[in-house]
Amino acid sequence: MGWNMAKRHVDITTDPYHMGQLLICAVRYAIGRDTGIPATVAGQVQVNLQNLQTGHLEVILRDIREARHLGTYDTTTWLNLADRIDGELAGREAGVEVDDG
């Protein structure tokens, strides 16, 4: 992990387990916020969907489903992510690779 002054971002290189843990924390932070962060976090979960462990996906899906308030503007973002996670988990259970496109 390092700060790139020219690009003004942090490069995080981590294994799938720790990425899953980080994304769970990010989802829990972002759910219900009315800022740009929900779209960013949901996008990162989606990009990493096939690399995340089943347990991590189940936790994220449960957190979305149990949230009292998904946000004024981002309800669709979270529900779409929940659908994608459902599809990924169903594919894993059936032993088929889910097309991300």
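Test Ala82 against the criterion of being out of contact with any helix residue (DSSP H, G or I) (no Cβ under 8 Å at 6 or more places or on another chain) and at pLDDT 95 or above, and give yes or no.
Criteria not met by Ala82.
Select, from Gly55, Gly71, the only residue that is under 24 Å from Asp34 (Cα atoms) and in contact (Cβ under 8 Å) with a residue 24 or more places away in the chain.
The unique qualifying residue is Gly71.
Search the range 85-101 for residues being of a type in the set (A, V, I, L, M) and more than 19 Å from Val27 (Cβ to Cβ), and hand back the single one that is modelled with the highest pLDDT.
Residue satisfying both the conditions and the ranking: Ala90.
The values are calculated or read from the model by the stated rules, or taken from the named source; none is laboratory data. For clarity, every value in this text was computed on a predicted model and none was experimentally measured. Glycine gets a Cβ as well: all are built from the backbone with ideal geometry, and neighbour counts include every protein chain shown.
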